[in-house]
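Worksheet for the structure shown next.
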Amino acid sequence: MSVLEIIIFFLVVWWPVFFILLPIGYEQLPQSKNFKFAKSAPKKPNVLIKFIFASVFSLIITLTFWIMSYLNIFSLKSLIL
C-alpha cells in the first residue's frame, strides 16, 4: 500500500468508528424552563476522548491491513482488480 492509500484507508475507517463512539456514555441535560440548549444536548460530550479512541482504534485497523498487505496475506487491490 502506498502512503496515499494508507491515509485514505485510515480516514475511511476513522469516520464510522468516530460516529459509532459518539453515543457511548450519552446523558441528557436535566430539563428546565430556562433552557439555552437543545433538549438532546449531552451533559458531558467527551468529544476529545472519543476522538482519541477513534484515532487509536483506526490506527490499529490500518496497521493490521498494512501488515497483511506487506506480507501478501491479504490485499485490497486483489479484491478490486
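The values are calculated or read from the model by the stated rules, or taken from the named source; none is laboratory data. Not measured: the values here are computed from a predicted model. With ideal geometry, Cβ positions are generated from the backbone for all residues, glycine too; neighbour counts draw on all protein chains shown. What goes into the accessible areas is simple: the full protein's heavy atoms, side chains included, and nothing from ligands, DNA or RNA. Shrake-Rupley method; radii C 1.70, N 1.55, O 1.52, S 1.80 Å.
Just a few scattered comments:
- In a reduced charge model with +1 at each Lys and Arg Cβ and -1 at each Asp and Glu Cβ, the chain shows a dipole moment near 540 debye about its Cα centre.
- Residues in the stretch 12-19 carry Karplus couplings, in order, of 5, 7, 4, 4, x, 4, 4, 5 Hz; the curve used is 6.51 cos²θ - 1.76 cosθ + 1.60 with θ = phi - 60°, and Gly or Pro positions show x.
- Segment SER55-LEU22, length gained on full extension (0.36 nm per residue, minus Cα span): 10.6 nm
- Charge-dipole axis of the chain as Lys and Arg at +1 and Asp and Glu at -1 on Cβ define it, positive-most pick from PHE10, PHE53, LEU79: PHE53
- For the chain, the solvent-accessible area of protein heavy atoms averages 82 Å² per residue (probe radius 1.4 Å; ligands and nucleic acids excluded).
- Grouping the Cα pair distances of the chain into 10 Å bins from zero gives a pair-distance distribution of 16, 33, 22, 15, 9, 4, 0 percent in increasing distance order.
- Sparsely packed chymotrypsin sites (Phe, Trp or Tyr not before Pro) within the stretch 4-81, loop by DSSP, other Cβ within 10 Å at most 12: TYR26, PHE35, PHE37, PHE74
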